[in-house]
Structures are given as C-alpha cells and as structure tokens.
Amino acid sequence: MTSKNLLIISNDFPNADNKYVREIFVKEQVTVLKEHFENIYVVSPVAFGMELLRHTRHENYEFDNVHVYFPKYLNCPLFFKYGRDLWIHFEEKTIKKLIEDKNLHFDLIHAHFTWRAGTVAIKLKEKYDVPVVITEHTSRTFTHAVEKKESQFIRAWNLCDAIIRVRKGDISLFQNVGVPLNKVYYVPNGYSQKYFHALDSQSCRKKLGLPPDKKVILNVGSLYGEVKGHRYLIEAMSKITSKRKDIMCFIVGGGKLEKKLKKQVRSAGLEDCIKLVGSRPHTEIPLWMNACDVFVLPSLLESFGIVQIEAMSCGKPVVATYNGGSEEVLISENYGYLVEPANSKELAAKILVALDKEWDNEQIKKYAKNFKWDTVVGEILKVYKKVGV
C-alpha cells in the first residue's frame, strides 16, 4: 500500500505547533497512517474570517510524507440553514482548485465527519473516480440526521464506498435511512501512546503547580456547549466538598461557557476547590492526566469520548455518564463507574466512591491499550482494503 496516496478531508485540523487542537485525533490517526502510504494530503478548508474568530492562523505545513493544506473559501453562517448546497459548492470548488494547482494524485478519499467533509468528498468522487470512506464522529448531529432523514447525510452515506462509525451501538441506525449495513464498520477512536502513558503523579503535580496533598478530580474538554455537562460536575463538587475537604477539581479547556461556569463556581462558593485553567497545550494534557486521582466525563452525549481513554492509558479510573459513547468504553467497574447524565447527586456519590477505592492501575492501562492508534489504524486499513485500496 506504500505506493498509494491518500487524500484526507477534515472539517478542522491542528496547526503545525498544535496550538489550535480541534480534531487533534485526526492528526494522531494520520501520524500512524502515514507509514502505509507514499503521500498523505490533508485538506481542511477555512472560511474567510474564521482565523479572526479563532484567534489563530492556519498556514500550510508538512511533516514527513504528510502535506497539510488550509485553503480559504467564501462562506456565510446563514448557509447552514438556508444554503447548504451553496456552502458545499464553495468548499468543493476551493478543494478542486487546490488539487489542480498542487497537481495532487490520490487513490482514496477519507472524509472525517459527514457534514461537511463527507458531502464534499462525494462531489470529488464524481470527478476523480476514487473510492470514498466517511468516518462519522458526531453524536447529536448524527442522531438528528437519522431522525430527520437529512438528505445531505443520506446521499453521502449511500454514495460513499464505506462508512466508519466510532460508536458501535449506532450501526443499526443506518438501516433506518436505507443505508446497507454491509458498508458500515465499527472502528473506535484511539489515543497516542507517544503522549499518553503513565508518569510519576507527584512530579506532574510539581510541574503544573498543583498541591501534592489533595485528591485531584480532572475534566478535560471544550467549554463550547452545555452538552459536555460541566454544570453538573460543579454541582457535584458542592456535594463532594460537604463530605471531605481534601478535594480539588480542575477543568481544562476553553470556550464561550467559561465565564458562565466561573460565575457558577463563585455563586457556589467553590473558588478554592474548583479551578478553570483554560485551554492548555496538547503536550501538557498528559501531565494533567497523570496528576489526577480520578478523571470525570459528565457529558450528556458523546460519540466516543477520547479523553477518557487518554486518562485510562495513564492508569486513571474514570467516572462518566451513560452518554452513548462511555458505556462502550467503561465496560467494567474495574476501570471506572457510569452514572445517569445530568444527575449531580449520583455523579458526586460515584466520584466519592472512586476516590476511596484501591484501583488496579496496571489493569486499567492494559485495557486502554486496546484503543492505541496502532491497533485502531489496523482496523481502518482493513476498511480501505474492502473498498479496493
């Protein structure tokens, strides 16, 4: 397969320095996939004006045999509701121009997310006559597309050559919209062993400036939507701190909800035991994972939840919710606990149990290895083979 070239289309992709980390899991997957291709071309279109909103610059770069492009295109927020076909037209036109200008030749297109990448990939398939694989990562968007029978999604799923879904429980739902199940494959997301592995907890705390004598609860995730359930973790902390005083909770991540969540913390009088530390460099996240005693994922919905695997790869137990993705990962109470979503009382109770339990950290790390990228990419390559590449 090393004589083949792969084109990857992703709605977002990290910059060269990983300071912009949206869809970092796609980059980590590419880092392993590159060993199996002569060239990988990653295209992540960026709408004009988006760099100002993101407070970053997206510049083309290369690493090894991977070539990353951020072509700029015209877009309007109203297109999402009133002009989706026009939105896809502009992206398709921009990517085609890039392909022609750079004289790119590829044998397969792998699109991450059906909207928009997969929809654009189907347009490119019509012109370049190569197979298309679509990985659907979303949770709420996917469910809505199936329930409402969204035409753009169904057309893309029917015209692509294979679909990868990161949540096993959703496979049968494709049949509800007329997509044959023999083209749908379950392949979970993965984690990078290069970054996420066990380190000395106290050394990590020292580097991060964390107290050595506290029990540390950690959450890592964007603060862009209520779906991540941060408010319930803060509510749970009110109950936890009424039981014991040696607890600190750190929430790592940035987004529009940060001010609202800080206000909730102040109103609850929890400033001393809950710290929102903002976005941190991706290379720093393993330190946080190793510094904690328990990782908490209070999401209302998740398609998979990579962060919980990253925590487990460091030997840390997880308390998560029945959110769609976590119950496919936390398959045993040897690795953590599951609670009902939006239930701060139950969340607090299980966190307290987790803090008191003697965990077999080696067993947790061993289980997490099932999701290392080398293993996951092996499954992706099997899908590529199924479509003739």
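A few remarks follow.
- Output for region 266-317, where each listed residue is outside any helix (DSSP H, G or I) and of a type in the set (Val, Ile, Thr): Ile274, Val277, Val294, Val296
- Some residue of region 36-43 being part of a helix (DSSP H, G or I) and in contact with a Leu (Cβ under 8 Å, 6 or more places away or on another chain): yes
- Residues in region 87-131 that are part of a strand (DSSP E or B) and either touching a Ser or Thr at 6+ places or on another chain (Cβ under 8 Å) or surrounded by fewer than 24 Cβ atoms within 10 Å (Cβ to Cβ) (or both): Leu108, His110, Ala111, His112.
- Filter result for Thr283 (among the hydroxyl-bearing types (Ser, Thr, Tyr) and buried (at least 18 other Cβ atoms within 10 Å of the Cβ)): no
- Contacts under 6 angstrom Cβ, first residue in region 59-86 being under 18 Å from Leu7 (Cα atoms) and buried (at least 17 other Cβ atoms within 10 Å of the Cβ), partner of a type in the set (Gly, Ala, Ser) and at pLDDT 85 or above, 6 or more apart: Phe70/Ser44
- Tally of residues being touching a residue at least 24 places away in the same chain (Cβ under 8 Å) and of a type in the set (A, V, I, L, M) across region 180-195: 1
- Residue within region 152-160 that is among the charged types (D, E, K, R) and within 27 Å of Leu108 (Cα to Cα) present: yes
- Yes/no for Pro281 being touching a Ser or Thr at 6+ places or on another chain (Cβ under 9 Å) and either touching a residue at least 24 places away in the same chain (Cβ under 8 Å) or of a type outside the set (D, E, K, R) (or both): no
- Residue within region 364-378 that is surrounded by fewer than 20 Cβ atoms within 10 Å (Cβ to Cβ), in a loop (DSSP other than H, G, I, E, B) and either in the same structural domain as Ala311 (by TED's automatic domain parsing) or in contact with a Cys (Cβ under 8 Å, 6 or more places away or on another chain) (or both) present: no
- Checked against the criterion of being buried (at least 24 other Cβ atoms within 10 Å of the Cβ), of a type in the set (S, T, N, Q) and more than 16 Å from Lys215 (Cβ to Cβ), the candidates Ser344, Ser299, Ser332 yield just one match: Ser299.
- Val277 crowded, with 20+ Cβ neighbours inside 10 Å, touching a strand residue (DSSP E or B) at 6+ places or on another chain (Cβ under 7 Å) and assigned by TED's automatic domain parsing to the domain that holds Leu208: no
- Boolean, Leu347 is closer than 16 Å to Val318 by Cβ, in contact with a strand residue (DSSP E or B) (Cβ under 6 Å, 6 or more places away or on another chain) and not acidic (Asp, Glu): yes
- If the condition is being without any contact (Cβ under 8 Å) to a residue 40 or more places away in the chain and farther than 15 Å from Tyr367 by Cβ, then region 306-322 contributes Val319, Tyr322.
- If the condition is being touching a residue at least 12 places away in the same chain (Cβ under 8 Å) and charged (D, E, K, R), then region 196-211 contributes Asp200, Arg205, Lys207.
The values are calculated or read from the model by the stated rules, or taken from the named source; none is laboratory data. The structure presented is a predicted model; accordingly, all values stated were derived computationally and were not measured. Methodologically, a virtual Cβ is constructed for each residue, glycine included, from the backbone with ideal geometry; neighbour enumeration extends over all protein chains shown.
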